[in-house]
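Scroll down for the structure; my scribbles are underneath it.
The values are calculated or read from the model by the stated rules, or taken from the named source; none is laboratory data. Quick caveat: nothing in here was measured; it's all calculated off a predicted structure. Positions of Cβ are generated from backbone atoms using ideal geometry, with glycine treated the same way; all protein chains shown enter the neighbour counts.
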């Protein structure tokens, strides 16, 4: 939560090699999608898009979903800066 950001980033999904004229369903799923399971409170969800220069192998895959770092994943894999990002906040009222 914003008031207690212990986990910070949590990885829900990674898809690579998505052709520019299609959707993520045409890419290579590196990390399968995991549905959000938020605790009570406000949580921010972020989708980040990087442009690959071509098909490339991810040299350093993420070690875990918890405490994932977009920057620490992008830098060694040569992804550069994101070309797009979108986020939304969601709040779960009851457990």
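For every residue, the table says whether it meets (1) surrounded by 13 or more Cβ atoms within 10 Å (Cβ to Cβ); (2) over 11 Å from the mean Cα position of the chain (by Cα).
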| site | (1), (2) |
| --- | --- |
| 26 | no, yes |
| 33 | no, no |
| 41 | yes, yes |
| 50 | yes, no |
| 62 | yes, no |
| 67 | yes, yes |
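Output the residues belonging to region 43-79 that are touching a helix residue (DSSP H, G or I) at 6+ places or on another chain (Cβ under 7 Å) and either assigned to a strand (DSSP E or B) or closer than 17 Å to residue 18 by Cβ (or both).
48, 50
Tell me, which residue of region 80-95 that is part of a loop (DSSP other than H, G, I, E, B) and modelled with pLDDT under 90 is surrounded by the most Cβ atoms within 10 Å (Cβ to Cβ)?
80
Among the numbered conditions (1) under 14 Å from residue 8 (Cα atoms); (2) in contact with a strand residue (DSSP E or B) (Cβ under 9 Å, 6 or more places away or on another chain); (3) at pLDDT 90 or above, tell me where residue 72 comes up short.
(2)
For region 28-42, give me the residue count where each residue is assigned to a loop (DSSP other than H, G, I, E, B) and in contact (Cβ under 8 Å) with a residue 24 or more places away in the chain.
The qualifying residues number 5.
Does residue 18 meet the test of being in a loop (DSSP other than H, G, I, E, B), surrounded by 14 or more Cβ atoms within 10 Å (Cβ to Cβ) and at pLDDT below 90?
yes
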